[in-house]
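Only one structure is covered here, and it is reproduced in the block below.
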Amino acid sequence: MTSKIALVTGGTRGIGAGICAALQAAGYTVAANYATNHEAAQAFSKDTGIPVYSWDVADYRSCQEGVERVIKDLGDISVLVNNAGITRDMMFHKMPPEAWSAVIGTNLTSCYNMCSLIYPAMRERGHGRIVNISSVNAQLGQLGQVNYSAAKAGIIGLTRALAFEGAAKGVLVNAIAPGYINTDMVAVIPDAVKQKIIAQIPVGHLGEVSDVARAVLFLVSDDNQFLTGTTINVNGGQNRV
Ligand code: CAA
């Protein structure tokens, strides 16, 4: 019997919080990582009873310390959800190196950091589930998101390659590419732009965090024995390329 201990990065707000709640409801012991918003994290922890851990997922050493703390408190991690992500949206001709590095660091290097610290033990135990949160904009591109689209597309490649390696060792690695979900990240898009975006979603509205959480739950559950290296699009039909 494998442990049911799940770690979700960026787990205290938005899609991550929805994923934590769904995993908890399904009987997992959950740890939620977050970056710096202590107030939101404490409120989340008070509401859910889920322990919260602050570290910077873009920084390898911080990840190492954070993962050690989680394992010491809860035990071996059997489910990793790489969800932490930021935007620094701006047109490419105005994008400074800092806006590139910040997004690549938090959204893509974070996946290397966390997988590199957790995947080897999963491999040794012969069981593990990793879900990486990509984006519809990895597939479609988006105005103002050269950095974000590149990072989220990188996640799809990382997922495929790591899934290839993990397959024979019982570690299934998948990605989810959410479309526009009703979160703070989407709330800050200028209203006129947001209306144009919603008009492009075939179902005609934003998704909810529970739409993404349900897909995560399936991928990490024992119901999934054969899906690996794939990307599930949870995007209201925004599949045109
Ligand atoms: N869709 C359609 N049109 C868009 C657009 C979009 N996503 N983004 C910008 N435009 C249009 C604007 O409406 C504007 O058109 P007009 O000249 O006809 O008025 C033109 O492009 C220039 O845009 P701005 O005037 O807004 O230019 P700016 O320099 O002030 O800002 C911007 C540019 C920062 C890219 C801003 O438009 C913006 O924030 N756009 C949204 C980008 C976006 O979609 N981000 C996704 C965030 S959510 C997320 O990332 C989660 C996920 O995975 C899906």
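Just so you know, all these numbers are worked out from the coordinates, no wet-lab data involved. Being a predicted model, the structure only gives us computed values, none of them experimental. Reconstructed Cβ throughout: ideal geometry from the backbone, glycine too, with neighbour counts over all protein chains shown.
Working only within region 39-55, note down all residues that are in a loop (DSSP other than H, G, I, E, B) and surrounded by 19 or more Cβ atoms within 10 Å (Cβ to Cβ).
Across region 39-55, the qualifying residues are ILE50, TRP55.
Checking ASN233 against (1) closer than 21 Å to THR12 by Cα; (2) surrounded by 17 or more Cβ atoms within 10 Å (Cβ to Cβ); (3) not hydrophobic (A, V, I, L, M, F, W, C), which single condition isn't satisfied?
All conditions are met except number (1).
Check THR87, THR36 and return the single one that is within 16 Å of the ligand (Cβ to nearest atom), assigned to a loop (DSSP other than H, G, I, E, B) and of a type in the set (Ser, Thr, Tyr).
Selected residue: THR87, the only one of THR87, THR36 that is within 16 Å of the ligand (Cβ to nearest atom), assigned to a loop (DSSP other than H, G, I, E, B) and of a type in the set (Ser, Thr, Tyr).
Quick one: is ILE201 crowded, with 18+ Cβ neighbours inside 10 Å, touching a residue at least 24 places away in the same chain (Cβ under 8 Å) and of a type in the set (A, V, I, L, M)?
The answer is no for ILE201.
Could you check region 150-196 and list, in sequence order, the residues that are within 12 Å of the ligand (Cβ to nearest atom), crowded, with 20+ Cβ neighbours inside 10 Å and either of a type in the set (S, T, N, Q) or assigned to a helix (DSSP H, G or I) (or both)?
If the condition is that a residue be within 12 Å of the ligand (Cβ to nearest atom), crowded, with 20+ Cβ neighbours inside 10 Å and either of a type in the set (S, T, N, Q) or assigned to a helix (DSSP H, G or I) (or both), then ALA151, LYS152, ILE155, THR183 are the ones that fit.
List every residue pair whose Cβ atoms lie under 8 Å apart, where the two residues are 6 or more positions apart in sequence or sit on different chains, the first residue falls within region 45-68 and is within 17 Å of ARG13 (Cβ to Cβ), and the second residue, located anywhere, is β-branched (Val, Ile, Thr) and surrounded by fewer than 16 Cβ atoms within 10 Å (Cβ to Cβ).
SER54/THR36
Would you mind stating whether THR183 is closer than 19 Å to ALA6 by Cα and either in contact with a strand residue (DSSP E or B) (Cβ under 6 Å, 6 or more places away or on another chain) or touching a residue at least 60 places away in the same chain (Cβ under 8 Å) (or both)?
no
If the Cβ limit is 7 Å and pairs must be 6+ apart or interchain, which residue in region 218-232 that is over 12 Å from ILE130 (Cβ atoms) pairs with which residue that is outside any loop (DSSP other than H, G, I, E, B) and small (Gly, Ala, Ser)?
Pairs found: THR231/ALA175; THR231/ALA177; ILE232/ALA215.
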